[in-house]
Each structure stands twice: as structure tokens, then as C-alpha cells.
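Heads up: the structure comes next, in C-alpha cells.
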Amino acid sequence: MKKAAPGNGPVIIKKYANRRLYNTETSSYITLEHLAAMTREGRDFKVVDAKTEEDITHNVLTQIIMEEESRGQTMLPVNFLRQLISLYGDSMQAMVPGYLEASMDSFRRNQEQFKSAVEGAFANSPFAEIAKRNMAMFEAAASAFQPGGAMHPPAPAAPAQPGAGESSDNDVSTLKAELAKLQEKIEKLGK
């Protein structure tokens, strides 16, 4: 999380014994959904126990993930969870957080490269608008991995144009050439 809140440093959120969360920046009580939205916006925050001043940010973020998972927004496969649990107490446990963080950073970089490759492959083709809509859907699906990303519905489909169903041989040839270029770029990204 890199984007700082207005003012200096992270926003301080106090958690009281009654489980209520208080945003010291806005002087208002908030919910876990508000914290999830702040995370997606890239807002930096720190959650502290109101009585002890102990940093409990990790626990609250884990709770947000649990709530998202229980709502059907499952992103963590059962096998992954089992493997993660089995690493607790293992000699490799200390290395896991760094590995997972590096993996997520790599995922974000690859996502940007994939986006650039797709946009470049379809830039001057008759299917450029379709590619843009598909990328918007891809970004929406992957936004949970991006700090500051937010789920957005895909762009509405463009209205059909007269003669849209009538493809000429030239259009088909152009499409095949563009798809071949896209396949090459995807294969290069995979290496």
C-alpha cells in the first residue's frame, strides 16, 4: 500500500472493545467494508487497539479477507489454504511472507505486460473495441490483487453497426494475423 492518506502518514483507525472502528482522520465510526474500500483505493492505514495501542492491522486485514471469502468472493483455493496452514511451524515459515509478497508483485507486473501486449496486438484492428472491453473485464477480475484497484463492471457492449455480421475475407485475414501476433506475445510472456 503506497498511496498515503491526506496529511502525514497512515490514517489511524482505533478499534474499541465493542468491535467498533473509529477513523481518526474523519472523526467517524466505520466498518470493515470501509477499510476494504480504503485498501482498494490504495489508502494507507494502521489499525490500533484503542486501549493498548497495539498494532492489529494484520488481524483486521485477515478478517476482511475472511468476510470477502464468506460472501462468495473466493480467491483462495482450498489446496492453497491447506498448504499455507501446513507451513505454520515449519522451518520455512519465515520465508513464506516474503515469497508471497514477491509472487504478488510479479503477478501485478505480468498483468501490466499482458495488458500492454493485448492492447498492442489489437491496436489497429477492427476488434480493438472488443479487446478494450475484454481488458476491462480482466482488470475487474484481477483488481483484488492490486492496491488501489476497485471492482468495476465491464463496459457496456457497443451497439451493433449495420453490416456488422458481414465479414469480408480481408477482415478474416486481418483477424487471423492479429491473433497470431497476440499468441506470439502471450508465449513470450509465458517464458
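A compact table of results
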item: From Ile12, Ile64, residue being in contact with a Leu (Cβ under 6 Å, 6 or more places away or on another chain) and either under 30 Å from Leu182 (Cβ atoms) or at pLDDT 90 or above (or both); result: Ile64
item: Those residues of the range 16-36 which are open to solvent by 40 Å² or more (accessible area, probe 1.4 Å), within 28 Å of Pro97 (Cα to Cα) and either part of a loop (DSSP other than H, G, I, E, B) or not acidic (Asp, Glu) (or both), in sequence order; result: Arg19, Thr31, His34
item: Test: residue in the range 93-100 that is in contact with an Asp or Glu (Cβ under 7 Å, 6 or more places away or on another chain) and surrounded by 11 or more Cβ atoms within 10 Å (Cβ to Cβ); result: no
item: Given (1) at positive phi; (2) of a type outside the set (Lys, Arg); (3) at pLDDT 90 or above, index of the condition Gly72 fails; result: (3)
item: Near pairs, Cβ below 6 angstrom, 6+ apart or cross-chain, from the range 13-26 (in contact (Cβ under 8 Å) with a residue 24 or more places away in the chain) to any residue that is loosely packed, with under 15 Cβ neighbours inside 10 Å and charged (D, E, K, R); result: Lys15/Asp49
item: Answer from Asp55, Asp49 - the residue that is in contact with a strand residue (DSSP E or B) (Cβ under 9 Å, 6 or more places away or on another chain) and more than 25 Å from Tyr99 (Cα to Cα); result: Asp49
item: Options Leu81, Leu76; residue that is open to solvent by less than 100 Å² (accessible area, probe 1.4 Å), free of Cβ contacts under 8 Å to residues at least 24 places away in the same chain and in a helix (DSSP H, G or I); result: Leu81
item: Of all residues in the range 53-69 being in a helix (DSSP H, G or I) and more than 18 Å from the chain's Cα centre (by Cα), the one that is surrounded by the fewest Cβ atoms within 10 Å (Cβ to Cβ); result: His58
item: Checklist (1) outside any loop (DSSP other than H, G, I, E, B); (2) loosely packed, with under 11 Cβ neighbours inside 10 Å applied to Val48, failing item; result: (2)
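The values are calculated or read from the model by the stated rules, or taken from the named source; none is laboratory data. What you see is a predicted model; the values in this text were computed from it and never measured. Neighbour counts are summed over all protein chains in view; Cβ atoms, including those assigned to glycine, are modelled from backbone coordinates with ideal geometry. Heads up: the accessible areas ignore ligands, DNA and RNA and are worked out on the full protein's heavy atoms, side chains in. Shrake-Rupley method; radii C 1.70, N 1.55, O 1.52, S 1.80 Å.
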